[in-house]
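Taken together, the values in this text are just the output of simple stated rules run on the coordinates, not laboratory data. Computed from a predicted model, the values in this text were never measured in an experiment. Virtual Cβ from ideal backbone geometry, glycine too; neighbours counted across all protein chains shown.
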Amino acid sequence: MAGATSMHLGSDHASRFESKAATRETPLVKWTILALALGFFAIFLLMPLIAVFVEALRKGWETYVSALVDPDALSAIKLTLLAAAISVPLNLVFGVAAAWAIAKFEFRGKQILITLIDLPFSVSPVIAGLVFVLIFGAQGWFGPWLSEHDIKIVFAVPGIVLATVFVTFPFIARELIPLMQAQGREEEEAAVVLGARGWQVFWHVTLPNIKWGLMYGVILTNARAMGEFGAVSVVSGHIRGQTNTLPLHVEILYNEYMFSAAFAVASLLALLALVTLVIKNWVEHQAARSYRETQESAS
Amino acid sequence: MSIQVKNIHKQFGDFTALDDISLDFPSGELVALLGPSGCGKTTLLRIIAGLEQADAGQVLLDGEDASSTHVRERQVGFVFQHYALFKHMTVFDNVAFGMRMKPRGQRPSEAKIRDKVHELLKLVQLDWLADRFPSQLSGGQRQRIALARALAVEPRVLLLDEPFGALDAKVRKELRRWLRKLHDELHITSIFVTHDQEEALEVADRVVLMDHGKVEQIGTPEEVYRHPATPFVYGFLGSVNLFHGRVDGESVRVGDDTLAHQTSDLAHGAEVVAFARPHELDIDTDPASTAGIAARINRILAFGVTARVELDGINGSTGQHFEVEITRQRVLDLGLTDGQDVRLVPSRLKVFEKDGATG
């Protein structure tokens, strides 16, 4: 998780290790390890990815496209985008605020707050979904009051958004806390002494320093928001054309033996994952570069 | 602008960082806060800046109570030990930052800002680095930029927190001299924190010595070095030789040996510590002599004009080490050799009564 800055640093060292006879392993060891790693990679990562696209296109382009432009599929795409579009900005604000508070200030109950932020990671998504059903459902705590006022949360779009926000909550905060702790307060203090106001300090000093970490957190949040299944499945109610997200739609199609359509929609999610990976790599690269510059300026 | 602090007290948990500190920093002076790490000097500086809040006491800027004034309204310039330059901004933008952050009404035009930045960069002799980023600069250059940035908002006082602490010895020395020169040009009231006694004595108009959250002595470099008020000050400013003993009339008894002293107000029989600097000790090779302390030469380091002689105490002061600085010529004249037994005779002795008394 906290890795955007820790990668890309050891590659020089690794190649030097390999090129010297004194530190080189025997070919047998080298190739065994390589074969194991690559074999594992091929079976568990590459094969499923290829399978998704092969299965999706098995019955030709027409079936593929028609599965995607199906009204139910389109509405699932819309809902998925909507859930992401709401939960990403919300968690962006929450995450930055929480990380700022934890990294830059000392207060009572800080450790409890850190633990609470991690809660969505440690709790099974199904339970997360159930919690919302128990609170907002028809038999739940606020159920009667909500139905009196004709507000629907569970088995409706608000419930899906709530569940998505919950499961993606820790990503940005977790990414920023170590980064902000490492940077300390000095630059911000310097800005305040120079007369900058709170907002100016944040905009001109804090934000530029954390931008790559923040971007990384946003990408992870977005990927999880679009791919979340468990929690959303519990609160969704699977109403076609209304409360189905992409992952739920895939499940429905699969259960109805419409394999090609299921894989077609799944390929959309897979493509999204690939795009996310590319962006993530690029961000990591940028983060590593700015991290190296920081190191140089600190030495 | 003058700065006064009155009865400042600061506690971190069980640790008392500052214990009832009252100080006066007159206008236009360059004052050093000197002390070992953990003595509270940085905390005091941060309280004056407003970056830290005192538990009790007042900070007066120009006679006005500033305790409740926000940092950004205090108009102080602060230079950090690790520069705290904005990494993502060029040198130019760093220096311009303070001016650009001003409320719209008071903000100078971009053209004015540009002139001012270049003027400041010329002042710190780094005009040619305006477009670089902090990561492309050396440590000494960075600290000069940090100083230019602090000066850009025309502060009424300049506070420097171990400004040369992160630099190597040669650059430190250069920047020290340069800071003194800059202060002579600008005459801005400045306080700088350091743990390096040489730096404090060389640069400052006045030195405030601190230890364990208390002020030990205030004075010009000459005063504090020549007339240390407490054993701590004596020990902190340069190397010392230390003798534990008891007052016996006109002399101090150290084991079986005696040292003459010039201090008049010591009670007979009082437990004392006596100090002498290495250059205030002479070596007597006459075996018949009874004055001074018996010691055995351990090592003679004679590289330059002065020679350093390291000795071990014998008789009453066994296990103690002494250091004497004499000319190389004198070492040759006396014919000193390793392992020789000699006597140490102080030309000047500073005697303090033991147990907290500061006499």
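A few remarks follow.
- Protection proxy ranking for A:19-25, B:20-26, using the average of other Cβ atoms within 10 Å per residue and placing the highest first: B:20-26, A:19-25.
- Charge tally in the Cβ shell below 9 Å around B:THR90, where Lys, Arg are +1 and Asp, Glu are -1, B:THR90 excluded: -1
- Put in line by how crowded their Cβ is, counting other Cβ atoms within 10 Å and starting with the fewest, B:VAL345, B:VAL272 read B:VAL345, B:VAL272.
- Residue by residue along B:97-106, Cβ atoms of other protein chains within 10 Å of the local Cβ number 4 on average.
- Peptide B:82-90 shows a mean partner chain C-beta count of 6 within 10 Å per residue C-beta.
- From most to least packed by mean Cβ count within 10 Å, the peptides A:178-185, B:213-220 give B:213-220, A:178-185.
- Across A:LYS78/B:LYS87; B:LYS170/B:LYS354; B:LYS87/B:LYS122; A:LYS152/A:LYS211; B:LYS170/B:LYS350; B:LYS6/B:LYS350, pairs whose alpha-carbon gap is larger than 30 Å: A:LYS78/B:LYS87; B:LYS170/B:LYS354; A:LYS152/A:LYS211; B:LYS170/B:LYS350; B:LYS6/B:LYS350
- Sparse-neighbour loop sites [trypsin sites (Lys or Arg not before Pro); the stretch A:102-149; at most 14 other C-beta within 10 Å; DSSP]: A:ARG108
- Charged neighbours of B:GLU174, selected by a Cβ distance under 15 Å, balance to +4 (K, R count +1; D, E count -1).
- Three principal axis extents of the protein assembly as shown based on alpha-carbon atoms, in descending order, are 115, 71, 55 Å.
- Among the residues of A:195-203, the average count of other protein chain beta-carbon atoms within 10 Å of the residue beta-carbon is 4.
- Summed side-chain charge close to A:LEU253 - residues other than A:LEU253 whose Cβ falls under 10 Å, Lys, Arg +1, Asp, Glu -1: -4
- Mean projected area of the convex hull spanned by the Cα atoms of the stretch B:44-128, taken over all viewing directions: 7.4 nm².
- Reference-scaled alpha-carbon Rg (2.2 N^0.38 Å with N residues) for chain A: 1.21
- Fraction of the pair-distance distribution of the stretch A:182-283 above 19 Å, Cα-Cα pairs, percent: 61
- Put in order of Cβ neighbour count within 10 Å, fewest first, the listed residues B:PHE92, A:PHE259, B:PHE86 become A:PHE259, B:PHE92, B:PHE86.
- Burial order of peptide ranges A:265-273, B:61-69 (average beta-carbon count within 10 Å, highest first): A:265-273, B:61-69
- Two-decimal ratio, the stretch B:3-235, of alpha-carbon radius of gyration to 2.2 N^0.38 Å: 1.02
- By the count of neighbouring beta-carbon atoms within 10 Å, fewest first, A:ILE160, B:ILE300, B:ILE326 end up ordered B:ILE300, B:ILE326, A:ILE160.
- Relative contact order, whole percent, for the stretch B:80-193 stands at 34, derived from Cα pairs under 8 Å and 6 or more residues apart.
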